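What follows is calculated from the coordinates using simple rules that are stated; it is not laboratory data. These numbers come from a predicted model, not from an experiment. With ideal geometry, Cβ positions are generated from the backbone for all residues, glycine too; neighbour counts draw on all protein chains shown.
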Amino acid sequence: MFTGLTEEIGTVSEVRSGGGAGGASRLGVRARRVLEGLRAGDSISVNGVCLTVEGVDAEGFRASLLPETRELTTLGAARPGARVNLERPLRLGDRLGGHLVAGHVDGVAEVLSAHDRGETRLVELLCPAGLERYLVDQGSVALDGVSLTVREPRGRRFSVALVGKTLAATTLGDLQAGDRANMEADLIAKHLARLLETGGGREATEKLIAWLGEGE
């Protein structure tokens, strides 16, 4: 589990294709800060994708990309030299400064426009079909692993505002029209939607209303 607060911008150092059609690829990332305490077997978020660390040295770490990860996220198109947002998992007792991010990407959003407004950069995106139901004005969304606030959702379109700290500490300031970003919808919104679909949410709501009525 992550918070969506990028700890460091790393650089892809290696992308090695796996053997065979179903083979995993190897991804190497140069980093410094996130290497502290990082060991093989640990999880790490790379542009919002939760990966398992397979090896660590003084220069960075290595992880495998399964075929599904390559197909469903932007990491499948990663090349040496690319910058990536990095975050180690949340520890019990840590402050939750962003929002709960699982590192399970729901789809890839397309950047429609990006322009500066004063010290803020406004980015408009088109989310994958089906994810728009999780977009709530002033709600949360993770893009390339960064916790952001949804602005003015309109169908599949929505915007985010990148403030100075986000522009300095993440790769999102590089986004331009036509670029793609890994998107993870708000975890709580997804669970609530599932409860409502299965009828569990309706039952819970009816119980809550009944309980409130008893207290009157």
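Globularity index of segment 8-87 is 0.99 (Cα radius of gyration / 2.2 N^0.38 Å, N = number of residues).
Overall, the ratio between the Cα radius of gyration of the chain and 2.2 N^0.38 Å, rounded to two decimals, is 1.12. Computed over segment 107-185, relative contact order equals 40 percent, with contacts defined as Cα pairs under 8 Å that lie 6+ residues apart. Relative to the longest principal axis of the Cα atoms of the chain, the long axis of helix 200-214 makes an angle of roughly 40 degrees. Taking all C-alpha pairs of segment 125-175, those more than 18 Å from each other amount to 27 percent. Across the options Leu86, Gly10, Gly48, the greatest Cα extent toward the positive end of the charge dipole of segment 8-87 (unit charges at beta carbon of Lys, Arg, Asp, Glu) belongs to Gly10. By how many degrees, between 0 and 90 and to the nearest 10, does the Cα long axis of helix 187-198 differ from the longest principal axis of the chain? Between helix and principal axis, roughly 50 degrees. Charged side chains reduced to their Cβ positions (Lys and Arg at +1, Asp and Glu at -1) give the chain a dipole of some 460 debye around its Cα centre.
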